[in-house]
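Read-outs: derived from the displayed coordinates by stated rules, not from any lab. Everything numeric in this text was worked out from a predicted model, so none of it was measured. Cβ placement follows ideal geometry from the backbone for every residue including glycine, while neighbour counts extend to all protein chains displayed.
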Amino acid sequence: MSDDMTIQIDSEQYVIRQESDGLQVGRSNAGDVVWLETVDLGLLPDKAREALERGDTTDEALLTALRGVTQAQVERGA
């Protein structure tokens with residue numbers, strides 16, 4: 001995956017991008033993306049990584065993994 005993808009997590013929209021150092025998770029704001037976190041791909045469950053490779057942003061394994069990432073951001077106050 002080389003392009004940004006929009007993903008709906010519960011009622012919020014996020015932008016994800018796979019890069020050499022991991023999966024970036026961000027929020028779109030007035031046309032710009034604010035990157036919140038970069039997650040090591042090795043930390044994601046196999047099924048979530050497979051969904052990411054397919055570009056399937058509706059896969060429940062990927063959504064569950066990203067919910068954890070976004071919840072950590074909320075708890076840190078980001």
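Name the residue, out of Thr6, Thr70, that is surrounded by 16 or more Cβ atoms within 10 Å (Cβ to Cβ), polar (S, T, N, Q), at negative phi and out of contact with any helix residue (DSSP H, G or I) (no Cβ under 7 Å at 6 or more places or on another chain).
Values: Thr6 fails: surrounded by 16 or more Cβ atoms within 10 Å (Cβ to Cβ).
None of the others qualify; the one that does is Thr70.
Filtering the range 9-24 down to residues that are in contact with a Ser or Thr (Cβ under 7 Å, 6 or more places away or on another chain) and β-branched (Val, Ile, Thr), which residue is farthest from Gly68 (Cα to Cα)?
Per the criteria, the residue is Val15.
Within the range 47-62, can you find the residues that are in contact (Cβ under 8 Å) with a residue 12 or more places away in the chain and surrounded by 17 or more Cβ atoms within 10 Å (Cβ to Cβ)?
Ala48, Leu52, Thr57, Asp59, Ala61, Leu62, listed by residue number.
Taking interchain pairs and intrachain pairs at least six residues apart, which have beta carbon atoms under 7 angstrom, with the first residue in the range 32-43 and free of Cβ contacts under 8 Å to residues at least 60 places away in the same chain and closer than 14 Å to Val69 by Cβ and the second of a type outside the set (Gly, Ala, Ser) and in a helix (DSSP H, G or I)?
Correct list of pairs: Leu36/Gln73; Glu37/Val69; Glu37/Gln73; Val39/Val69; Leu41/Arg49.
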